[in-house]
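Report on the following structure.
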Amino acid sequence: MIVLEKKCCPSTVTSSRTFETENYAKANIIKKDDFVSIVISAPGFKKEQMVLKVDHSTLSIVGTIDEAENKKYIRKEFKPISFERNFEVSKHYDMEAISAKFEQGIIEITIPVKMEIKNSKQINIQ
Amino acid sequence: MLIRRETAPLFRNLIEEMFKGYNTDFELYSSNRSRMPSANIAEDNEKFIIELAIPGFKKDDFELKLENEVLTIKSKEEIKSEEKDENYRLKEFSMCQFSRSFTVPDTIDSEKITATYNDGILYVELIKKEEVEKKSVREIQIS
């Protein structure tokens, strides 16, 4: 188990937001040899509206957006809304070396494998 | 007896009709099996705005074409599709080739269509034609 989705507890987020969270900020998790990558799709968000938090082995991504809509929509299929997603990351990965980049509505978080584990693997092959 | 005739057609949502880019149109205009991204359409007095939710691209990755009153927005062929051997532990969305078409009404000035790509949303602005000025009322003198 590399990264486990942790559902946010209802007391911190209103119930309507929880439902919308599941429908809006979609995530992909990609495992590579040296790192794991969590990619979240959040079109309509700016970098300043995203907050990443690391608490021990829990990674938390919170996106906040103002709900004010000035435009008159005649068709609406998507709506950027505030979301929160939490992930439980296994000890295999080094949370201290976490990095993130945000571009055009996609946030990509990279967590490398712990050095000791990587090195120990190399020794075994020799 | 004066018979009143209804000249205006039954009101359906004419704008909706014009902007259908959905199932049937998609079938017609898209030659490859590509994803269709979500779109919002907004309107004000001067223009229509189509917002297409396509995060993770660069602005050079798509092309917009207007052909016979159909506006097609699609990703260019060179975009490499996601590697099949990527080890996904969770996959809720994909960033792959897409295409979406919209029927554009003739009240739009086709020379004045612009697009900008911000925060993962492509905003396409379609400026409406200026209404032909109504001829002002002329008084006719009776000689």
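Any read-out appearing in this document is the output of simple, stated calculations on the displayed coordinates, not a laboratory observation. None of these values were measured; they are calculated from a predicted model. Cβ coordinates were reconstructed from backbone atoms using ideal geometry, including for glycine residues, and neighbour counts include every protein chain displayed.
Brief remarks on what is shown
- For a label point 7 Å along the Cα-to-beta-carbon line of A:THR64, residues of the range A:78-120 with backbone N under 13 Å: A:82-84
- Model label points for B:THR103 and B:GLU86, set 7 angstrom from Cα along the Cα-to-Cβ axis, are 3.6 nm apart.
- When you count the other C-beta atoms within 10 angstrom of each residue and take the mean per peptide, A:35-41, B:92-98, B:65-71, B:35-41 line up highest first as A:35-41, B:35-41, B:92-98, B:65-71.
- Separation in nanometres of the label points that stand 7 Å from Cα toward Cβ, at A:LYS47 and A:LYS31: 3.2 nm
- Neighbour-count ranking [beta-carbon atoms within 10 angstrom, fewest first] of A:HIS56, A:HIS92: A:HIS56, A:HIS92
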